[in-house]
Amino acid sequence: MSALPVPALHATHGGIWIAGADGETGALSRGEAIARAADTPVILLNAPLVAQRLGYPELSGLDLLELFAFVHPARFCVPTPAGLARALDLVPPASDADAPAFLRAAAAALLARMEAEDWPEREGAWSSLQALARLRWPWAMLAGRHIRRPAEAERWLFSRLPEWEEAAPRPPARPIRLAGEAVAERLSTLVGSAAETRQGQRDYAAAAAHVFAPRLTEGRPNLLLAEAGTGIGKTLGYLAPASLWAEQAGGTVWISTYTKALQRQLDRETMRVFPDPAVRRARVAVRKGRENYLCLLNLEDALQGGFQGRAAVLAQLAARWAAYSRDGDMVGGDLPGWLPTLFRRAGSTALTDRRGECIYAGCPHYRRCFIERSVRGADGADLVIANHALIMLLAARRRDEGAPLARLVFDEGHHLFDAADSTFATALTGQETIELRRWIVGPESRARGRRRGLAARLSDVASYDEAGALAIEAAIAAARELPADSWLGRLAEGLPLGAVERLLAAVRDTVLARATTQDAGYSLETEIAEPDGALVEAAGAAAQALEALRRPLARLRQRLQAVMEDAPDWLDGAARARVEGAIAGLALRTETLTAWIALLARVGGPADPDFVDWLAVDRVDGREYDIGLHRHWLDPARPLAAAVLEPAHGVLVTSATLRGQEDWARAEARAGAAHLGQTPAHFAAASPFAYPDNAEVLVVTDVKKGDLGQLAGAYARLIRAAGGGTLGLFTAIARLKAVHARIADRLAREGLPLYAQHVDPIDTGTLIDIFRDEAGASLLGTDALRDGVDVPGHSLRLVVMEAVPWPRPTVLHAARRAAGGGSAYDDQVVRARLAQAFGRLIRRADDKGCFVLLSAATPSRLLNAFPPGVAVTRVTLDEAVARVAGRLSSAGRIGHQVSA
């Protein structure tokens, strides 16, 4: 295998190197690299990242990640030279200087793979390449020399996808009580004979079995709150009784997570329950919201001209992936997270069902639809792995239909309150209202691609039912009062159109006049209190406009239900499914309109003590992107209890930090148990890890608050002392960017690559994959990295927080703080965040690490957030650096892989 006669370029914060077609490798300046890349096509690994390193946004070339996605769709590789080497079974480069030569060899290997007889992804490749060649894909000419034209027309995408089949409804689960011996035996089977026996895990499994007993009283589920410290093995601890109950009772257990990372981990763990892949496919389902899945009709539109330029290339690569994907999940599934980021602004969101425009059985791809397949797979599965938000929405819907989700396991249960807060909130904003307009009216500009409105989706109903047709016409007319394209620009110019845009203009004026934030780059908000006459008048007019829309939508829903009952001849199975989908969509949107109208009644009216209402102008880097009114429950655990817990028969809420250092009362309140009128069962098992021996907490006392130079210097010294392997957590994106800009280059020159959220053009999941893969790398991030990150100790051995993670002083937080005890409420929030951040540090029994807090003013009362016995010491930065180096001298010196 010889390298291609094409140069390859590799750029990091530590330097830039190029390997020429003659095989010679040399270092370049930034200017020289830009000139070479602009003059001659070069092989790159992650073109957007290289472009950022060079400061040359228009950089393009032969991106190896695009070629990998074409040759091996639905396969993942860590997008670094070392990660690509492992994926291709090649020897990784020994240094960054060796990386360009390796990239040329990797390209040759990928092209040679297309000539192999055993290439498993051959089918469809030739047809796909012809389309990519017409789009002038940079790799098309080279790849075309290695793919032979098939003798017969090959199956491609839609013809490759299997069709789902209807199945009879699952019978109700039988009431059974699990035997303790059977649960212990199932746990032993899952753990395996070679694994260590853990009493805490056995106790946990026995306690979890309680939720699967028959319910004694309606509205009072068997509820267990279980805190299991890291290392107990809670995943297998609840999978044992859950799988046993599903098998014996013939029922379904819904397992919910807050993060996609844990959802993927759970999916892998079910291999222990069902080792046979075919059995596992039938018995385990992963459910996510519709917006996570590829919409085949959107993809077809994109392939037929709906996407142009680079976006069209992305559509073709997405089509290659879809033909081999397990489930069509574009967000956390087997689509590499880095693939959409290669196309910068040409993202993949337009390929998913984000706008509620599904036409269900009216779609030519309905029987192959990934979304419909996942729904039907869940209907007959023993274990369904979902997320908190979807579970809450499904539970509320199923409760109303008389078919509740009966057995629920909420892992990462400490996030239930936050998930309920988002799920049961109301937002009357420009973005939300324009989406409703598009759902009703349909396409209003060619640039929006496919936007089928109500009239197009329900044309057969309209021709059959005159009252339904009139309701559709009335709804479309009323929807014209909602914001249309370019609404933000009109508001900025003082030229709003329609009642709702005039409301948003009044909201914007009020917020800009009253907001007191000192940071001009972030969002602005103010309470809905003492509104002026202009806002009250605009709210009244908008409420009338929304009511004028709600009425015909409600009438249309009634007419569709009547059509279903009448069952005309044309209402076959496909049409019935489409009408049922429309009824569900109308129900959701009329509920939303009702909530919006109730929120508008608050403007100029009395406050409702159950809710917190405010006005906001949402901004990022000072640029406005949304405006509107917001309503959240003061206590979102109330609707959580009513919609999710009360209808259930058994619920397990579990987490490693469910209580933290608080009592059970707070956990009960945040999980909704306090609203059930019953005392839930409790279980607690401390982590078996020797935290006092393996970790320490250092509070640095001499880094001046607000001094970015000192802050950046502290991070650089600590990362250097640990030899990389550092997770840096920030409470403000601006400080994260400033620190990264000051230290990334010098650390990279020392062989310690530094990555960062909000800086590197890489999705968060892939950043974590790179961090996990490179022992010498470090990662800076914000809240998303504080929880749900499972990185082993050789890659994560130091956590540094730049400040005490106090809650942001928002309108919502102020209201909950007042109701929750003032400063004591703040302390509870901070302790929980510190505990979650510390939890990233020790994930295995042999992990060792340090937790450093760069805040001299850290109150001592917060320091009990850490596990009992862990030493907490206030030290100078010099002392902290010395202690980190001493503790991690053996753990961190295992070498690092070549950087991206």
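Side notes on the structure shown:
- Unique residue being surrounded by fewer than 22 Cβ atoms within 10 Å (Cβ to Cβ), under 27 Å from the mean Cα position of the chain (by Cα) and farther than 30 Å from D301 by Cα when the list is G250, G229: G229
- Some residue of the range 622-642 being within 21 Å of A406 (Cα to Cα), touching an Asp or Glu at 6+ places or on another chain (Cβ under 6 Å) and at pLDDT below 95: no
- The one condition in (1) among the aliphatic types (A, V, I, L, M); (2) modelled with pLDDT of 95 or more; (3) at positive phi that L157 fails to fulfil: (2)
- Residue tally, condition buried (at least 22 other Cβ atoms within 10 Å of the Cβ) and not small (G, A, S), over the range 271-286: 3
- Residue match in the range 611-629 (condition: out of contact with any helix residue (DSSP H, G or I) (no Cβ under 9 Å at 6 or more places or on another chain), farther than 18 Å from V500 by Cβ and part of a helix (DSSP H, G or I)): no
- Residue within the range 567-574 that is hydrophobic (A, V, I, L, M, F, W, C), buried (at least 16 other Cβ atoms within 10 Å of the Cβ) and either part of a helix (DSSP H, G or I) or modelled with pLDDT of 85 or more (or both) present: no
- The residues on offer are L405, L342, L416, L394, and the sole one that is more than 18 Å from the chain's Cα centre (by Cα), among the aliphatic types (A, V, I, L, M), more than 30 Å from G442 (Cβ to Cβ) and in the same structural domain as A228 (by TED's automatic domain parsing) is L405.
- Some residue of the range 522-533 being surrounded by fewer than 21 Cβ atoms within 10 Å (Cβ to Cβ) and in a helix (DSSP H, G or I): yes
- Within the range 268-304, the set of residues being part of a helix (DSSP H, G or I) and under 19 Å from L244 (Cβ atoms) comprises E269, T270, M271, R272, V273, V279, R280, A282, R283.
- Restricted to the range 434-444, and to residues there that are more than 16 Å from D626 (Cα to Cα) and not charged (D, E, K, R), the residue that is surrounded by the most Cβ atoms within 10 Å (Cβ to Cβ) is I440.
- Residues in the range 689-720 that are over 31 Å from the mean Cα position of the chain (by Cα) and not in a helix (DSSP H, G or I): A690, E696, L698, V699, V700, T701, D702, V703, K704, K705, G706, D707.
- All conditions but one from (1) within 22 Å of A85 (Cα to Cα); (2) of a type in the set (A, V, I, L, M, F, W, C); (3) touching a residue at least 40 places away in the same chain (Cβ under 8 Å) apply to L812; the one that does not is (1).
- Top-ranked residue in the range 373-408 [being in contact with a strand residue (DSSP E or B) (Cβ under 8 Å, 6 or more places away or on another chain) and of a type in the set (V, I, T); ranked as farthest from T235 (Cα to Cα)]: I391
- Within the range 848-888, being within 19 Å of T726 (Cα to Cα) and in a helix (DSSP H, G or I) holds for L877, D878, E879, A880, V881, A882, R883, V884, A885, G886, R887, L888.
- Cβ pairs under 8 Å, 6+ apart, first in the range 173-185 and assigned by TED's automatic domain parsing to the domain that holds F212, second of a type in the set (K, R): A184/R202
- Residue that is surrounded by the most Cβ atoms within 10 Å (Cβ to Cβ) [pool: residues in the range 541-560 that are within 25 Å of E624 (Cβ to Cβ) and of a type in the set (G, A, S)]: A542
- Residue in the range 355-363 that is under 30 Å from R136 (Cα atoms), buried (at least 20 other Cβ atoms within 10 Å of the Cβ) and small (G, A, S) present: no
- Being charged (D, E, K, R), modelled with pLDDT under 95 and surrounded by 22 or more Cβ atoms within 10 Å (Cβ to Cβ) is not true of D773.
For every residue, the table says whether it meets (1) among the small types (G, A, S); (2) touching a helix residue (DSSP H, G or I) at 6+ places or on another chain (Cβ under 6 Å); (3) under 30 Å from S459 (Cβ atoms); (4) not in a loop (DSSP other than H, G, I, E, B).
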{"position": "R354", "(1), (2), (3), (4)": "no, yes, yes, no"}
{"position": "C358", "(1), (2), (3), (4)": "no, no, yes, no"}
{"position": "A389", "(1), (2), (3), (4)": "yes, yes, no, yes"}
{"position": "V409", "(1), (2), (3), (4)": "no, yes, no, yes"}
{"position": "E435", "(1), (2), (3), (4)": "no, no, yes, yes"}
{"position": "R438", "(1), (2), (3), (4)": "no, no, yes, yes"}
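- Residue match in the range 516-523 (condition: modelled with pLDDT of 85 or more, among the aliphatic types (A, V, I, L, M) and farther than 15 Å from G605 by Cβ): no
- Between E247, E300, the distinction of being of a type in the set (D, E) and over 28 Å from P172 (Cα atoms) belongs to E300 only.
- Taking the criterion of being in a helix (DSSP H, G or I) and either of a type outside the set (A, V, I, L, M, F, W, C) or surrounded by fewer than 17 Cβ atoms within 10 Å (Cβ to Cβ) (or both), the residues of the range 418-433 that qualify are D418, D421, S422, T423, G430, Q431, E432, T433.
The values are calculated or read from the model by the stated rules, or taken from the named source; none is laboratory data. The model shown is predicted, which means the values in this text are computed figures rather than measured ones. Using ideal geometry, Cβ is built from the backbone for each residue, glycine included, and neighbour counts are taken over all protein chains shown.
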